[in-house]
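The structure under discussion appears below in the form of structure tokens.
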Amino acid sequence: MHSENLLRVLREEYREIPGYLVGIEVEKVNYSLELSKTLKDNFSEITKKVFREIKRIIGDINA
């Protein structure tokens, strides 16, 4: 599965699983236990956007 990405596999093999997938596109692949500088610098804004999107989805489901 080296050339497959997670989203493609989920779409093709697990179509019936209800839910949402939230991901962040990588800027650069590197071996480290640390977050990248870009991710560290934008972490607060990213979490706010994800939280707003989750609230929107929940609102749509409950509507």
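The values are calculated or read from the model by the stated rules, or taken from the named source; none is laboratory data. A quick note: this is a predicted structure, and the numbers were derived from the prediction, not measured. With ideal geometry, Cβ positions are generated from the backbone for all residues, glycine too; neighbour counts draw on all protein chains shown.
One line per residue, one yes/no per condition, for (1) in contact (Cβ under 8 Å) with a residue 60 or more places away in the chain; (2) aromatic (Phe, Trp, Tyr); (3) exposed (fewer than 10 other Cβ atoms within 10 Å of the Cβ):
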| position | (1), (2), (3) |
| --- | --- |
| LEU6 | no, no, no |
| TYR14 | no, yes, yes |
| GLU25 | no, no, yes |
| TYR31 | no, yes, yes |
| LEU39 | no, no, no |
| LYS49 | no, no, no |
| GLU53 | no, no, no |
| ILE58 | no, no, no |
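Here LEU35, LEU21, LEU10 are screened, and the one residue that is surrounded by 10 or more Cβ atoms within 10 Å (Cβ to Cβ), at negative phi and assigned to a loop (DSSP other than H, G, I, E, B) is LEU35. Condition first: of a type in the set (Val, Ile, Thr), under 17 Å from the mean Cα position of the chain (by Cα) and modelled with pLDDT under 90. Can you find one or more residues in region 26-38 that meet it? Yes, region 26-38 contains at least one residue that is of a type in the set (Val, Ile, Thr), under 17 Å from the mean Cα position of the chain (by Cα) and modelled with pLDDT under 90.
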